[in-house]
Amino acid sequence: MEPACPRPAPRASAARPTPGKPMVLGHNERVRKRATWPLAAGLIAGVALDALLGDPRRGHPVAAFGRAAAALEARDYADSRRRGAAHAAACVLAVAAPAVALHRRTRGRPPWQAIAVATAVWAVTGARSLHFEAERAASSLRRRDLAAARAVLPSLCGRDPDTLDGAGIARAVVESIAENTSDAVVAPLLWGAVAGIPGLVAYRAVNTLDAMVGYRSVRYLRFGWAAARMDDVANWIPARVTAALTAACAPLVTGTSPVSVLNVVRRDGGRHPSPNAGRCEAAFAAALEVCLGGTNVYGGLTETRPFLGGTDLGDGRAPEPEDIRRAVLLSRAVTVSATALAMLIAVFTGA
């Protein structure tokens, strides 16, 4: 008589909650729940570090990246979109890969993750430097020291300062505050909230490359095309979030209605050559009740941009030194709002 086959062991069934007893989460659920706070805490701490310390005078990581990208450009430059795309991809991957490794290494260690995120935020954001340089320009204009104001302008934007009068410098500074509030504050925070350290580092690399080669000049028209398009994609959502936050903060800073700000953004935002900068500049123009846009000179090349704010004829009030101060206050309010928004995104998504 053959021995009876042993009965198969019963399958382990999923744990079911016992009535009247709290359900115990599994290990994966506990880890996922815990992993949300270090990112949010790191974002807030990084913004606070930037506000307290500003950019380091020496050894800035973004400056080091720029030097490395320039050195690579000296070797791989060609008047070709394909070569420019390879250059941009190599530069971004060179910093994104270590960032991914750091993100994975610290993800299961909440305190270290928070420290790493805070350090990355401090390195890639630039609110304090933006506001400090803008206030320096405003102070020089109030003293009617055009030479000093012109000397400050290259730290804010790339247009030629030598041909600008006081009104032109004031307009350039306000436009720079508007655009860089998105590029140097809102965009990195949003990318950090959804993608952690890799999002912070990769975004800053893309934005820096655009500032280096993303011009419509003879040298970079084709070589810088890929970097410029990458920057357009990376900033598409952040620029519109910046415009919305500017409208929300306008009543607190300038007393302007959010509805009127958004109406100007819808009317004028698409007129700008950039698909993103126009939204930010239009929002600031409406909030400050000034007119931006006009003729700019970059590297000897003249570019005439449509007017933003004011009326369709561009006959609104030109920015004055006092408007720079108000633009800085508005940018600070947007920075606080963007930090809160990024924190909420990080908490609910857990990048």
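The values are calculated or read from the model by the stated rules, or taken from the named source; none is laboratory data. Being a predicted model, the structure only gives us computed values, none of them experimental. Backbone-built Cβ (ideal geometry, glycine too); neighbour counts: all protein chains shown. For the accessible areas, the whole protein counts, side chains as well, though only heavy atoms, and no ligand, DNA or RNA atoms are used. Shrake-Rupley method; radii C 1.70, N 1.55, O 1.52, S 1.80 Å.
Counting just the residues of segment 240-253 that are touching a residue at least 60 places away in the same chain (Cβ under 8 Å) and open to solvent by 30 Å² or more (accessible area, probe 1.4 Å), which one comes out farthest from residue 281 (Cα to Cα)? Lay out the reasoning, then the answer.
Filtering segment 240-253 for residues touching a residue at least 60 places away in the same chain (Cβ under 8 Å) gives 241-242, 245-246, 248-250, 252-253.
Now narrow it down to the ones that are open to solvent by 30 Å² or more (accessible area, probe 1.4 Å): 241, 248, 252-253.
Numbers: 241: 13, 248: 15, 252: 18, 253: 16 Å.
Per the criteria, the residue is 252.
Can you find even one residue in segment 330-350 that is open to solvent by 10 Å² or more (accessible area, probe 1.4 Å), of a type in the set (Ser, Thr, Tyr) and more than 17 Å from the chain's Cα centre (by Cα)?
The answer is yes, given that some residue of segment 330-350 is open to solvent by 10 Å² or more (accessible area, probe 1.4 Å), of a type in the set (Ser, Thr, Tyr) and more than 17 Å from the chain's Cα centre (by Cα).
Going through segment 53-76 one residue at a time, which ones are more than 30 Å from residue 219 (Cα to Cα) and either in contact (Cβ under 8 Å) with a residue 24 or more places away in the chain or of a type in the set (Gly, Ala, Ser) (or both)?
53, 54, 55, listed by residue number.
Among the listed residues 265, 233, 259, which satisfies the condition of being farther than 30 Å from residue 87 by Cα and either surrounded by fewer than 18 Cβ atoms within 10 Å (Cβ to Cβ) or touching a strand residue (DSSP E or B) at 6+ places or on another chain (Cβ under 8 Å) (or both)?
Details: 265 fails: either surrounded by fewer than 18 Cβ atoms within 10 Å (Cβ to Cβ) or touching a strand residue (DSSP E or B) at 6+ places or on another chain (Cβ under 8 Å) (or both); 233 fails: farther than 30 Å from residue 87 by Cα.
Matching residue, one of 265, 233, 259: 259.
Could you check, for segment 27-40, whether at least one of its residues is modelled with pLDDT under 90, open to solvent by 70 Å² or more (accessible area, probe 1.4 Å) and not in a helix (DSSP H, G or I)?
No, there is no match, as no residue in segment 27-40 is modelled with pLDDT under 90, open to solvent by 70 Å² or more (accessible area, probe 1.4 Å) and not in a helix (DSSP H, G or I).
Any idea which residue in segment 52-67 is farthest from residue 215 (Cα to Cα), counting only those that are assigned to a helix (DSSP H, G or I) and open to solvent by less than 60 Å² (accessible area, probe 1.4 Å)?
Of segment 52-67, the ones assigned to a helix (DSSP H, G or I) are 52-53, 61-67.
Imposing the further condition that a residue be open to solvent by less than 60 Å² (accessible area, probe 1.4 Å) reduces the set to 62-66.
Details: 62: 19, 63: 19, 64: 21, 65: 19, 66: 16 Å.
Step by step, filter segment 52-67, then rank; the result is 64.
Answer yes or no: is there a residue in segment 198-221 that is in a helix (DSSP H, G or I), modelled with pLDDT of 95 or more and in contact with a Ser or Thr (Cβ under 9 Å, 6 or more places away or on another chain).
yes
For segment 149-197, which residues satisfy the criterion of being of a type in the set (Asp, Glu) and open to solvent by 10 Å² or more (accessible area, probe 1.4 Å)?
To start, the set of residues in segment 149-197 that are of a type in the set (Asp, Glu) comprises 160, 162, 165, 175, 179, 183.
160, 162, 165, 179, 183 - these are the residues of segment 149-197 that are of a type in the set (Asp, Glu) and open to solvent by 10 Å² or more (accessible area, probe 1.4 Å).
Among the candidates 109, 128, which residue alone is open to solvent by 30 Å² or more (accessible area, probe 1.4 Å) and closer than 24 Å to residue 333 by Cα?
Details: 109 fails: closer than 24 Å to residue 333 by Cα.
None of the others qualify; the one that does is 128.
Which residues, counting only those in segment 132-148, are open to solvent by less than 10 Å² (accessible area, probe 1.4 Å) and in contact (Cβ under 8 Å) with a residue 40 or more places away in the chain? Talk me through it step by step, then tell me what you get.
Step one: filter segment 132-148 for residues open to solvent by less than 10 Å² (accessible area, probe 1.4 Å), giving 134, 137-138, 140.
Matches in segment 132-148: 134, 137, 138.
Look at residue 86 and say whether it is open to solvent by less than 20 Å² (accessible area, probe 1.4 Å) and on the phi < 0 side of the Ramachandran plot.
Details: open to solvent by less than 20 Å² (accessible area, probe 1.4 Å): no; on the phi < 0 side of the Ramachandran plot: yes.
No.
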